[in-house]
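Data first, discussion second: the structure below is written as structure tokens.
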Amino acid sequence: MSDDTVELEARLEEAESFDPPESFVEQANVTDEGIYEEFDENWPECWERAADLLDWDEEYDTVLDDGDAPFYEWFTGGSLNASANCLDRHLDERGDEVAIDWIGELGDTRTYTYEELHREVNEFAAALRDLGVEENDVVTMYMPMIPELPIAMLACARIGAPHSVVFAGFSADALATRMESAASEYLITCDGYYRRGDPLHHKEKADEGLSQVDHEVEEVVVADRLGDEYDHPMDDGERDFDDLVADHEGAAVEPVSRDAEDMLFLMYTSGTTGKPKGVKHTTGGYLSYVSWTSHAVLDIEPDDTYWCSADIGWITGHSYIVYGPLALGTTSVMYEGTPDYPEKDRLWDIVEEYEVDIFYTAPTAIRAFMKWGTEHPEKHDLTSLRLLGTVGEPINPRAWKWYYKHVGNEECPVVDTWWQTETGGMMVTTLPGINTMKPGSAGPPLPGIDARVVDTAGEEVDAGRAGYLTVDKPWPGMLRTVYKNDDRYVSEYWSEYSDPDADEWVYFPEDGAKIDEDGYITVLGRVDDVLNVSGHRLGTMEIESAIVGVNGVAEAAVVGGQHPVKGEAVYAYVITEEGQEGDAAFEEEIVAAVEEAIGPIARPEEVVFTPELPKTRSGKIMRRLLEDIANEEELGDTSTLRNPDVVEDIQAKVSDD
Ligand code: PRX
């Protein structure tokens, strides 16, 4: 590092806050500080501003119906179609502009103008209809980052069939569980995709998943990504994506007018139990909310080239690669591959070549960029960038500042956006044209969002103190229920701080947080048994149940240990049955079982064999102690343990490994 850089790093290290650059403010979509007060005073009607970003077939008559709280309804009486909002309405003015710029890992590219995307979505929608897909049928997609995925999503939206996208990195078991839970009779998948230059045979995994689905699956559609490279298995009756599109060339499918509250999609996410929850999002509220936040926070304009590097298999990709950006008529970049293939400057190469204006990624990626060194972004002209964003997990101030300096050249605001699968869109973040940024702190709640930090009694904590995050008023992008499980919806999200007798409902996101004297919220992480590995949400119970399913395992406890890049890593403490050796071969078997049940992202970083787990006298596993051990931290209180000696034994094992 040069002396200049050292000095600058030191200055950045000290700085507590940064004002939005003048050059950004001058052109920002939202710059009036009065917006916070305006939304407060005019709540819930303030949300008309979000709904106004869309074209409605039928105007809504009520902004918020809270008659059956917490089963809130938004924009009731209104109807619209999400695919028409993302495509048709842009055709006149922006038909020739690029909607999706897709970049394959091997360097191959595909570009879809709005006109072209509209055409292919229509053709595929016609094909789905011919296959028998009807309004409200749930269509599952088990696909990686290829253009056929957003095409299929928008085609479903067009005909009013909710989609359920399963992340391609999830296992066959995970696919089967989700298809069964949604009673989904249609699957769209693909032959494979590339990872670090090698073809990955995805269809085999899809087939394995299908073989485990108990009900009849009516149709399977397979997109061809690998071409001649892989002669993928095709069972009788399975359809080829391209053939279906070709067979429906020129087809026009009238977008189905959906009630604002009709389901747009389901997205499964991990919770405290071993069973993922089907989070239900609706057409009017969700689409309004992601369009509004894309406009206000990501500052998206139609002429921008915008890139969110998430995978569409997670909520970030749904909201901020597909629905939000396309509803605003911008160019959304979609990259198939990994950030360090073929070289560690791949992302910066893309930013330069495509002149990306706005870049949205995860702290895990930023920490990896830091590790790889400044030379990679420095090799490229990144001056097209105007705004940077992060999402998915807490970002440490050092990583924030590195991003601000080495990617944004201190000229781009960084928005650290806190939200969840359940919230549909961003909730706590600075508005980039208004607020001062404080590295490590997401910022104030967005206008109209009543987020607070409270103690266990529900009282707001003082500035500087830690507590629990709550959201005290509903918002249009919120989940409407857990699919087919209204009880779980109420008990998981609306029971901790609500007072049903007084009809007072408070949403509990299960995150810890602190708040400062300016009302800025720093989100500290989950307070339930959910881990956040590389920004991916994993339930400890799901991992534990995979481990105890292995022959020879008596008991298991999974906790998160801090990891310098991934944020958290999976630590598994395992008690073997008598006669079972806790050796390397058995560890491999356990790791394989986790990969099979969930996927490689859940792979334990460490498997620690132990004769006992630390338990309270009532038999409850003390996870907090296991976390301390994983983090090699000083141990918390062990006095309530039934078996205090075991802790030292486990500690010794972890440090031996
Ligand atoms: O713990 C919070 C963390 O990610 C969780 C939500 O995960 P998921 O539903 O998979 O959605 C991720 C993408 C929106 C939250 O409960 N989280 C998300 N964003 C942040 C965050 N933690 C701290 N800061 C953030 N900006």
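Observations, loosely collected:
- Under-5 Å amide H pairs with GLY525, H placed in peptide plane, nonlocal only: GLY512
- Loop-located GluC sites (Glu not before Pro) in region 226-290 (DSSP state other than H, G, I, E, B) with a sparse environment of at most 15 neighbouring Cβ atoms within 10 Å: GLU249.
- Extension gain, GLU58 back to ASP518 (0.36 nm per residue minus Cα-Cα distance, nm): 161.5 nm
- Charge context of THR330, other residues only, Cβ under 10 angstrom, K/R +1, D/E -1: -4
- For the chain, DSSP calls about 60 percent of its internal beta bridges antiparallel.
- FRET efficiency, 1/(1 + (r/R0)^6) with R0 51 Å, evaluated for VAL527 and GLU45 via beta carbons: 0.90
- Legend: distances between Cα atoms for LYS379/LYS405; LYS275/LYS484; LYS405/LYS438; LYS275/LYS514; pairs beyond 18 Å are LYS275/LYS514.
- A straight Cα-to-Cα reach below 16 Å connects LYS277 with the aspartates and glutamates ASP173, GLU180, GLU422, ASP486, ASP487, GLU492, GLU510, ASP528, ASP529, GLU542, residues fewer than 8 places away in its own chain not being considered.
- Sites ASP645 and ASP503 - FRET efficiency at Förster radius 51 Å, r taken between beta-carbons, to 0.05: 0.50
- The relative contact order of region 262-325, computed from alpha carbon pairs under 8 Å that lie at least 6 residues apart in sequence, is 28 percent.
- Cβ-based exposure ranking for VAL30, VAL356, VAL570, in which fewest neighbours within 10 Å come first: VAL30, VAL356, VAL570
- Qualifying GluC sites (Glu not before Pro) in region 99-193, where qualification requires a DSSP coil assignment and no more than 14 other C-beta atoms within 10 Å, comprise GLU134, GLU135.
- Length-normalised contact order for region 73-160 - Cα pairs under 8 Å, 6+ apart - percent: 33 percent
- Computed extension length for THR272-GLU135: 46.1 nm, one decimal, from 0.36 nm per residue of separation with the Cα-Cα distance subtracted.
- In a DSSP loop and with at most 14 other Cβ atoms within 10 Å, the trypsin sites (Lys or Arg not before Pro) in region 443-510 are ARG465, LYS484.
- Estimated Rh, region 550-656: Kirkwood, alpha-carbon pairs, angstrom: 14.3 Å
- A full extension of the chain between GLU612 and GLU180 corresponds to an added length of 151.9 nm, given 0.36 nm per residue minus the alpha carbon distance.
- Of the DSSP H helices in the chain, those whose Cα atoms cover at least 15 Å axially and whose Kyte score averages -1.0 or more: 114-130, 148-159, 284-296, 584-597, 645-656
- Between LEU635 and GLU555, the FRET efficiency from the beta-carbon distance, with R0 = 22 Å, is close to 0.60.
- Each Cα pair under 8 Å and six or more residues apart adds its sequence gap; the mean of these over the residue count of the chain is a relative contact order of 13 percent.
- Here the sum of -39500 (n - 2.57) over DSSP H runs of 4 or more residues, divided by the residues of the chain, equals -8000 deg cm²/dmol at 222 nm, to the nearest 500.
- Estimated inter-spin distance, SER384 and LYS620, nm [label 7 Å along Cα→Cβ]: 5.4 nm
Where a number appears in this text, it was derived from the coordinates with a stated rule and is not lab data. Owing to the predicted nature of the structure, the values given are computational and were not obtained by experimental measurement. Cβ: placed from backbone, ideal geometry, glycine included. Neighbour counts: every protein chain shown.
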